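Encoded as structure tokens, the structure appears first; notes follow it.
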Amino acid sequence: MNKFFERRYVIGGVFITIILILLARLFYIQIIDDKYLLYANKNVIRPLIQFPDRGPILDRNGKILVQNNLVYDISVTPKDVKPFDTLEFCKLIGIDKAELDKQFQKAIKYGRSVQSPFEKQLSPQLYASLQERLSEFPGFSVLPHSVRTYPDSTAAQFLGYILEVDDKIIKSSGGYYHPGDYIGFTGVEKAYENVLRGQRGVTNMMVDSRGIQKGSYANGAYDTVAVPGERLTSSLDINIQKLGEKLMQNKVGSVVAIEPSTGEILAFVSSPTYDPNLMVGRERGNNAAKLYDDPYSPFLVRPIQAYYRPGSSFKPLSALIALQEGIITPYTTYNCPGYYWAGNRKISCYNHEAHGTVNLSSAVALSCNGYFSMVFEKIMNASGRKNIEPVYTNWRDSVIKFGLSSRLGLDMPNERPGRLYTAANYDKIYHPGGWRSSTIISLAIGQGEVDATPLQLANIECTIANHGFYYTPHLIKSIGTRNITRVDDTVKHNVGISAQNFEPVIDGMQAVVDRGTAAASKIPGIVMCGKTGTADNSHGKPNSVFVAFAPRDHPRIAIAVVVENAGQGANWAAPIASYLVEKYLTGTISRPQDEFNRIMNANLLPDLSQYVIKNKKKAQQDSLKKSRLDSARKVGPVKSASNKKDPSAKYLAVYKPKENE
């Protein structure tokens, strides 16, 4: 019996303890801690996303290239929508009934209880008329949002553009991006997305049963502040960028200018270009579709994606390699009768001009094909005519050190590597032992199986200007107030040629401008060293090419200009380059205005039919391939051009300038 009474007290004590604990917990929850009260109120809380301003982008002198304008996005939560005047709503936001139904069904599929984008980028004027009547449309809300604007409408391919994220991007972002967010899709916008995008904020608002805001939730205790993106200062000089675009209007090609002492890119012109403001606003989709279908490919970023045979601008490379290996000296001569025989192949000089006896410098100045063909054969046959493969491989390795046939590492997406055949490529074509120096003699003058991007051509000029080294080309100088330097940007990339070996080549390049093929483009008071090129083209006229740097002593700018289907380098590429160099070095253009206008106003667009036929044939092939894939995999049709894919990707496959072929 005593044991029974003892157990009763123990059990009673346990129950009393539990009751005291529960009472204490209830007291804490209801009196001290208001967290559960806040959670209970969440059914009347509406989180409003605060989109941060995207970071502006400036040129090297602080001139704004891209900044932000305020627009307004409409969102909808389908379960909160009550019957409303749809026609009046459509009128207020500038859409038709069919578009309203389409967007609403899309929102329902996304989730009836989820706030999702409905209509984007209303102007401040449209928003002002809607704001007064927003309470008539429960379930709909408006969020301010900044979009890009381009004050000078320039540097479109350099800057790139932004697009709204799709489901794939949202999924791959690990939860960072949400519907309605924007992301850098091309150019600098994509390369520096992480610093430009900023950080979203959230404001939690209390709303009543009609969705009308009644003040901040918990006095903002759970709000987060939007953090703007950081400012980027680019290396671009807007003055020569705009001048380059003006001179390249109605032409197909590219201009790249680099500061040799740093690798900073000063001009990045891709032509034809487009107004980057067309890729902003409610008409962006229609504008993009038109640009996408333009046969001249404005979305192609030619400075880093188009391939061109370098032509005569390539000639100094073999000469420098031969000098370094002791195969020739600056005084090695060749008696040019207007041609050169390589085996049974006759390599003619331009217009079969006989240059007489030339040495290295004069051969550069006169662009003597015979001299450089002779030098190339000396290199290739140094170990005997039949032992060409290892010699060619060594020569190719030396050329690659100048930045050809490999990506230079530009801080921009989708840079292409260029092309220079390997010995294995030639073995595959001619079989091992089936090719000789005469087989590949076109390489001596920058023709044949060698393609370079304009960026690579400009970088070669940096290397020559620096007497044997270059810095990795780059586009951005600073982020916010912090100067940035990628590790590779300060590394001297030496090409393995002694500095003294550059002097005779540079002597010849100065003579090109002083009294040679580019004499008409000489700049008063400035010593410019350059090389014209007339690169063969299987679609009509050759490409006009000119590469240069200036001044000779302590060079400040290196440049490459390519104008497709324009003929001699001296006629078009050289004067365009000279105007840009003079503008950068002096701030003015001193030569006659009428000659400047002639270059600027010339329409050198290639025959449209070659592009239309090429695109049509490719489209037919793509259509047939798609049909077969759809049948085999039983999938729906592939996405159209208007869907969110990089438009330049189309032209990497479809548009190939003839010098690639």
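Fully extending the segment from residue 246 to residue 494, taken as 0.36 nm per residue of separation minus the present Cα-Cα distance, adds 85.7 nm. Shape analysis of the range 422-483 places it in the prolate category; the axes a ≥ b ≥ c from the Cα gyration tensor give an a/c of at least 1.5, with a/b above b/c. Scaled against 2.2 N^0.38 Å for its residue count N, the alpha carbon radius of gyration of the range 277-338 is 2.19.
A straight line joining the Cα centroids of the range 373-396 and the range 47-77 runs 57 Å. I need the Debye-formula profile for the range 80-147: one equal scatterer per C-alpha, no solvent, reported as log10 I(q)/I(0) at q = 0.16, 0.18, 0.21, 0.25 1/Å, two decimals. Rounded to two decimals, the profile gives -0.54, -0.70, -0.98, -1.39. A Förster distance of 41 Å, applied to the separation of the beta-carbon atoms of residue 131 and residue 24, puts the FRET efficiency at 0.25. Computed over the alpha-carbon atoms, the range 456-546 gives an Rg to Rh ratio of 1.08, Rh here being the Kirkwood radius from the mean inverse distance. Multiplying the residue separation of residue 15 and residue 44 by 0.36 nm and subtracting their alpha-carbon distance yields 6.6 nm.
Between residue 102 and residue 153, the distance separating the two model label sites (each 7 Å from Cα on the Cα→Cβ line) works out to 2.8 nm. For the range 399-530, the convex hull spanned by the alpha carbon atoms encloses 168 Å³ per residue.
The long axis of helix 238-247 is offset from the longest Cα principal axis of the chain by roughly 60 degrees. The packing ranking, built from the mean of other Cβ atoms within 10 Å per residue, places the peptides 422-434, 221-233, 260-272 in the order 260-272, 221-233, 422-434, highest first. Can you tell me how the range 45-234 classifies by the Cα gyration tensor, rounded, prolate or oblate, using a/c under 1.5 as the rounded cut? It comes out prolate by the Cα gyration axes. Among the trypsin sites (Lys or Arg not before Pro) in the range 93-169, those located in a DSSP loop and surrounded by at most 14 other Cβ atoms within 10 Å of their own Cβ are 112, 133. Along its first, second and third principal axes, ordered by size, the chain spans 125, 73, 58 Å in Cα coordinates.
Helices in the chain, meaning DSSP H runs of at least 4 residues, each add -39500 (n - 2.57). Divided by all residues, the mean residue ellipticity at 222 nm is -10500 deg cm²/dmol. The convex hull around the C-alpha trace of the range 210-283, projected and averaged over every direction, spans 10.4 square nanometres.
The range 169-260: D in µm²/s via Stokes-Einstein (Kirkwood Rh, Cα pairs, 4 °C, 1.567 mPa s)? D = 73 µm²/s. The GluC sites (Glu not before Pro) of the range 66-170 meeting both criteria, a DSSP state outside H, G, I, E and B (loop) and at most 14 other C-beta atoms within 10 angstrom of the site's C-beta, are 132. Mean projection of the Cα convex hull over all viewing directions, computed for the range 281-421: 12.3 nm².
When peptides 457-468, 172-183 are ranked by their average number of other Cβ atoms within 10 Å per residue, the highest-first order is 457-468, 172-183. Give the Debye-formula value of log10 I(q)/I(0) at each listed q (0.11, 0.12, 0.19, 0.26 Å⁻¹), with one equal scatterer per alpha carbon of the range 393-461, two decimals each. For the range 393-461, the Cα-only Debye profile gives -0.30, -0.35, -0.79, -1.23. With the simple spin-label model, which puts each label point 7 Å out from Cα in the Cβ direction, the residue 261 to residue 327 separation comes to 3.5 nm.
The listed peptides 562-573, 344-355, ordered by packing as a protection proxy, come out as 562-573, 344-355 (highest mean of other Cβ atoms within 10 Å first).
None of the figures in this text is laboratory data; all of them are computed from the coordinates on show. Just so it is clear, the model here is predicted, and its values are computed rather than measured. So basically every Cβ, Gly included, is an ideal-geometry build from the backbone, and we count neighbours across all protein chains shown.
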